[in-house]
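Comments concern the structure below.
Each value in this text was obtained by applying a stated rule to the coordinates, not by laboratory testing. Please read these numbers as outputs of a predicted model, since none were measured by experiment. We place every Cβ from the backbone using ideal geometry, glycine too, and count neighbours over all the protein chains shown.
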Amino acid sequence: MPEIGIGLIGGGYMGKSHAVAFGAVGAVFDTALRPRLEMIAAGSAASAERYRAAFGFHRAARDWRALVADPRVGAVVIATPQALHREIAEAALALAKPVLCEKPLGASLADARAMVAAAEAAGVANMSGFNYVRTPATQFARQLIAEGAIGQVTWFRGEHTEDFLADPSLPANWRTRGMANGTLGDLAPHMINCALALVGPVASLSAMVETVHATRQGEEGPEAVTNDDQTQFMCRFAGGAMGHLYFSRIATGRKMGYAYEITGTKGAIRFDQEDQNAIWLYRAEGPEALRGFRKILTGPAHPDYRPFCVGPGHGTGFQDQIIIEARDFLAAIHGGKPVWPTFRDGLAVWEVADAAARSAAAGGTWISVAG
């Protein structure tokens with residue numbers, strides 16, 4: 001069975017998730033291509049060695065450049081802050097090494113465009129790391145919509161809301177500095193990706209961006225918050241549906257508010273990530289007295305559930321989404337064919353986010369989203 005050496009850059013929250021995923025994916029999905037945890041790099045050689053011992057990699061790199069250049073590293077996984085995405089990806093792709101990059105793709109629209117150009121010039125597997133859209137429930141929703149189960153989609157409402165900065169007394173940190181780390185750069189890409197996957201391209205939008213807590217306590221006194229706490233936009237999808245998307249890191253009480261409602265001419269779908277193993281489906285059929293939303297618990301009959309558990313309703317979790325992502329990346333490498341979402345799909349997310357920022361800067365004026 002062929003193997004490929006995985007080089008992971010970044011050992012924090014998402015770095016650990018990818019390490020666990022590539023360590024487990026072969027057993028869960030019996031992949032044709034088996035990953036080998038070859039090398040890990042981090043902010044320093046010492047931290048890389050600490051992560052190597054904790055995660056089970058064969059070697060630690062002195063820096064990311066040494067990892068990318070190493071001949072035993074066949075594919076690169078980027079789990080670093082956005083500012084480093086482009087440089088690392090371009091270096092790996094120049095050596096024709098497949099790349100899986102965490103969202104968002106780079107720190108700007110220009111970064112994303114450059115990364116797409118590099119990936120397509122290299123002609124190797126490339127993926128953007130959008131994990132939440134891979135739950136069995138959301139995969140099932142996508143399948144239902146594609147099959148026409150709810151008819152023509154007329155309306156989409158999506159949100160990604162959390163409350164990790166809802167308390168104004170919380171101190172300033174990296175998340176409160178720079179637009180790439182604000183809500184539009186951090187949380188919004190996940191739900192924008194979901195909207196594009198379920199409904200299709202966004203044609204135009206009107207956005208508002210807001211910093212609610214303008215200052216927070218820094219190490220040397222009050223510090224200005226230089227990015228957004230919450231963002232919302234109305235939009236029109238290319239297929240004709242209307243939509244509204246809202247993103248917030250100050251949504252008191254919301255822990256993982258990745259949620260959407262989709263209305264069609266024959267039915268509707270509701271989903272909330274805080275109850276990620278269930279989906280609500282309404283079908284406009286049968287006697288009116290018997291109509292209503294029906295809760296469907298995910299199980300082995302739904303996409304990518306059975307490899308984890310044969311019991312309906314037992315559920316999958318966050319880490320399982322990353323394992324599914326690892327499976328898709330290996331399939332793209334082994335099969336030599338793109339597997340969604342590619343870097344180009346990550347660019348599509350950036351195009352919407354950039355349009356939202358430009359619309360907000362212009363006072364919420366309607367702006368076309370260039371494709």
Relative contact order of the stretch 3-132, please, whole-number percent, based on alpha carbon pairs below 8 angstrom and at least 6 residues apart. 22 percent
Give the calculated FRET efficiency between Ala301 and Arg358 to the nearest 0.05, with a Förster radius of 41 Å applied to their Cβ-Cβ distance. 0.40
At 222 nm, what helix-only mean residue ellipticity would the chain give, in deg cm²/dmol to the nearest 500, using -39500 (n - 2.57) for each DSSP H run of four or more? -10000 deg cm²/dmol
Which of the following values of percent of Cα pairs over 37 Å apart was calculated from the structure shown: [x] 20; [y] 34; [z] 25? [x]
Please compute the length gained on full extension between Ala214 and Val20, using 0.36 nm multiplied by the number of residues separating them and subtracting their Cα-Cα distance. 66.1 nm
So between Thr252 and Leu95, what do we pick up on full extension, going 0.36 nm a residue minus the alpha carbon distance? 51.9 nm
Paramagnetic reach from Ser204 in the stretch 154-177 [backbone N under 18 Å; point 7 Å along Cα→Cβ]: 155-156
Lys255: which lysines have alpha carbons under 25 Å from its alpha carbon, excluding same-chain residues fewer than 8 sequence positions away? Lys16, Lys103, Lys295
Let me have the relative contact order for the chain, percent, based on Cα pairs under 8 Å that are six or more residues apart. 20 percent
Using a simple spin-label model with points 7 Å from Cα along the Cα→Cβ vector, what separation in nm is obtained for Gln319 and Glu261? 3.5 nm
List Arg52, Arg358 from most exposed to least, where exposure is judged by having the fewest other Cβ atoms within 10 Å. Arg358, Arg52
Provide the packing ranking of 281-291, 76-86, i.e. peptides ordered by the mean count of other C-beta atoms within 10 Å per residue, highest first. 76-86, 281-291
Estimated FRET transfer efficiency (Ala289, Asp30; beta-carbon r; R0 35 Å; 0.05): 0.15
Applying a 10 Å radius around every beta-carbon, put 313-320, 228-235 in order of their mean neighbour count, most first. 228-235, 313-320
